[in-house]
Amino acid sequence: MSDPVVAWRRMLAEVPDSGAWAADRVAQMDHAGMTYMGKPAMVVAEPSFVTEAQMAQDQAVARAVVDCLVAAGQMCLDDAGLADRYVKGWLEGVPDADLFSLPAGYSHPVVFGRLDGVRTADGLRFLEFNGGLPGGILPADGSATLLKDTDVAVRFGAEHPFRVATVGEDVVSAMVSTWHDFGGTGNPFTAVALPAELKEIATPGITYLSGIAAARGIELVVADPGEMVFADGRLRLDGRAIDVLVRAFFTPMFAYLGERLDGIKAALRAESLCMLASLQSGLFGLKSLFALVTDPAVNLGLSSDVVGRARAALPWTRLVEDAVATDFNGDSVPLLPFLAQQRENLVIKPVEGYGGAGVELGWNHTEASWADVIARAASGGHVVQHKVPILGEEFSVLEQGFPVQTFTADHNPLLCAGSVCGYYVRLAADGSGMTNVTGGGASVAPTFILQ
């Protein structure tokens, strides 16, 4: 059997009119709303391939990483001293901060999530974890659907059988199963708490999930949190009791939304609301927890197999502070001088944040400017990580003749109910490594799972 990439490109070369074929894909994306900042979400003409065996390995690693992050987060919730060091200020100024310690009401506090990382020769390495409803569901499913039914994919499948993930379906299934775990029965009346400020960016993905839910007889509606009120022991929308609430706002918005959250807060206190994602899921995404997980001196209370698997998949991470810490080899060193010496190998980033904001790459700095970065970061709220090399990957692009272009890529498993349900693969072509799709800085590649 031929190499899958070679076979795909051979079949692309047999397309009679490559320009028309590419134009058809672009038109389909425009019709489906798969565009960002006026650009097609997908610019490539071939998928990223992963085998079932690789996916099983990714599953084991992803589960180990999430279990370790949850254990580290729980340690901080249980130990005020640890919390003051590793998640200091996380809930500072947040009203009703005690809500973040309430149990979710279902078995695992992380129902959905996304691990952001890169695929290396040694497997996936993860740089961040997002514990809420994962971004990328529509691009992941949409790009795969766009390619899987083409004439090229049909011929390819005869030689290399494959399947595509259905992340949206898995998300809806996880909503229902978590509702049952919470103690509910039947199909839940589900509301998405989406602040009006986020409506434009989130509507395409929510609309996609609403369509899937409707096809399965599940009513899913969208409303601003302020439209939801607590009455007769339940959170209600237009008088109707909400069974499952999908939190579609970021944890840092908790204080900003103010009294618009009064109904949700009351329902959480009454423990009558099944909310996805839990408030705690924002804690598990703090990058400072990577420092706890990768510190060999920390006992996470999990098996050595789970901890070892997680540590192998995470970069060396430490809080940026004037202290003694273990280096890459486990030797104790004064941390700040060590960071100055290792500039070419390090990344400094805020403990909390997304979209690349505040991330400083040591190799892009001079010694003097890096010293300034270290000094600012040492005032608190930052971690340092060992850089993970991102290898260039080649893809045929949606142009006449399907030329091959090199991209930097990240491979991000999407998680539903503790399982890897698919991948959000983002590509950057300009050499910057900027893989923010919604901002127009990158594109996506579909994933075909080889059977």
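The values are calculated or read from the model by the stated rules, or taken from the named source; none is laboratory data. Nothing here was measured: the structure is a model prediction, and the numbers come from that model. Here Cβ is always computed from backbone atoms with ideal geometry, including for glycine, and neighbour counts include all displayed protein chains. SASA here: full protein model, heavy atoms, side chains in, ligands and nucleic acids out. Shrake-Rupley method; radii C 1.70, N 1.55, O 1.52, S 1.80 Å.
What strands (runs of 3 or more DSSP E) completely inside segment 327-402 contain at least 3 residues that are hydroxyl-bearing (Ser, Thr, Tyr), over 26 Å from Arg311 (Cα atoms) and touching a residue at least 12 places away in the same chain (Cβ under 8 Å)? Before the answer, list the steps.
Values: elements: 332-334, 346-350, 382-386, 392-396.
Qualifying strands (runs of 3 or more DSSP E): none found.
A search for C-beta distances below 9 Å between a residue of segment 162-181 that is assigned to a helix (DSSP H, G or I) and any residue that is open to solvent by 50 Å² or more (accessible area, probe 1.4 Å) and of a type in the set (Val, Ile, Thr), counting only pairs 6+ apart in sequence or on different chains, returns Trp179/Thr185.
Take Pro139 and tell me if it is in a loop (DSSP other than H, G, I, E, B) and either buried (at least 17 other Cβ atoms within 10 Å of the Cβ) or not charged (D, E, K, R) (or both). Taking the combined requirement at face value, the residue does not satisfy it. Residues in segment 254-265 that are open to solvent by 30 Å² or more (accessible area, probe 1.4 Å), at pLDDT 95 or above and either in contact with a helix residue (DSSP H, G or I) (Cβ under 7 Å, 6 or more places away or on another chain) or not acidic (Asp, Glu) (or both): Arg260 only. Beta carbons closer than 8 Å, at least 6 apart along the sequence or on distinct chains, pair a first residue in segment 95-107 that is farther than 16 Å from Arg247 by Cβ with a second that is open to solvent by less than 40 Å² (accessible area, probe 1.4 Å) and small (Gly, Ala, Ser) for Pro95/Gly258.
Taking only segment 38-58 into account, find how many residues are open to solvent by less than 10 Å² (accessible area, probe 1.4 Å) and either aromatic (Phe, Trp, Tyr) or in a loop (DSSP other than H, G, I, E, B) (or both).
Of segment 38-58, the ones open to solvent by less than 10 Å² (accessible area, probe 1.4 Å) are 41-42, 44-47, 50, 58.
Right, trim to either aromatic (Phe, Trp, Tyr) or in a loop (DSSP other than H, G, I, E, B) (or both) and you get 41-42, 45-47.
The qualifying residues number 5.
Could you tell me whether segment 154-163 includes any residue that is touching a Phe, Trp or Tyr at 6+ places or on another chain (Cβ under 6 Å), at pLDDT below 95 and open to solvent by less than 30 Å² (accessible area, probe 1.4 Å)? No: zero hits. One residue stands out in segment 351-382 among those that are within 19 Å of the chain's Cα centre (by Cα) and over 29 Å from Pro446 (Cβ atoms): the one that is modelled with the highest pLDDT, namely Val351.
Scanning segment 211-253 for residues that are farther than 23 Å from Val171 by Cα, open to solvent by 40 Å² or more (accessible area, probe 1.4 Å) and in a loop (DSSP other than H, G, I, E, B) turns up Asp232, Asp238, Gly239, Pro252. Residue check: is Val61 under 20 Å from the mean Cα position of the chain (by Cα), in a helix (DSSP H, G or I), of a type in the set (Val, Ile, Thr) and farther than 22 Å from Met175 by Cα? It is true that Val61 is under 20 Å from the mean Cα position of the chain (by Cα), in a helix (DSSP H, G or I), of a type in the set (Val, Ile, Thr) and farther than 22 Å from Met175 by Cα.
Considering (1) surrounded by 15 or more Cβ atoms within 10 Å (Cβ to Cβ); (2) under 30 Å from Ile212 (Cα atoms), the lone condition that Leu69 does not fulfil carries the number (2).
Screening Thr166, Thr120 for residues that are at pLDDT below 95, closer than 16 Å to Pro47 by Cα and open to solvent by 10 Å² or more (accessible area, probe 1.4 Å) leaves exactly one candidate, Thr166. Put simply, of Trp370, Trp363 the only residue that is open to solvent by 70 Å² or more (accessible area, probe 1.4 Å) and among the hydrophobic types (A, V, I, L, M, F, W, C) is Trp363.
From the residues in segment 97-109 that are part of a loop (DSSP other than H, G, I, E, B), at pLDDT below 90 and open to solvent by 60 Å² or more (accessible area, probe 1.4 Å), which one is farthest from Glu259 (Cα to Cα)? Write out each step before concluding.
Let us first name the residues in segment 97-109 that are part of a loop (DSSP other than H, G, I, E, B), namely 102-109.
Now drop any that are not at pLDDT below 90, which leaves 102-103, 108-109.
Subsequent filtering for residues that are open to solvent by 60 Å² or more (accessible area, probe 1.4 Å) retains 103, 108.
Numbers: Pro103: 22, His108: 28 Å.
Ranking the candidates gives His108 first.
Condition check: open to solvent by less than 60 Å² (accessible area, probe 1.4 Å), farther than 17 Å from Trp316 by Cα and of a type in the set (Phe, Trp, Tyr). Does Tyr86 satisfy that? Steps first, please.
Values: open to solvent by less than 60 Å² (accessible area, probe 1.4 Å): yes; farther than 17 Å from Trp316 by Cα: no; of a type in the set (Phe, Trp, Tyr): yes.
No; evaluated as a whole, the condition is false for this residue.
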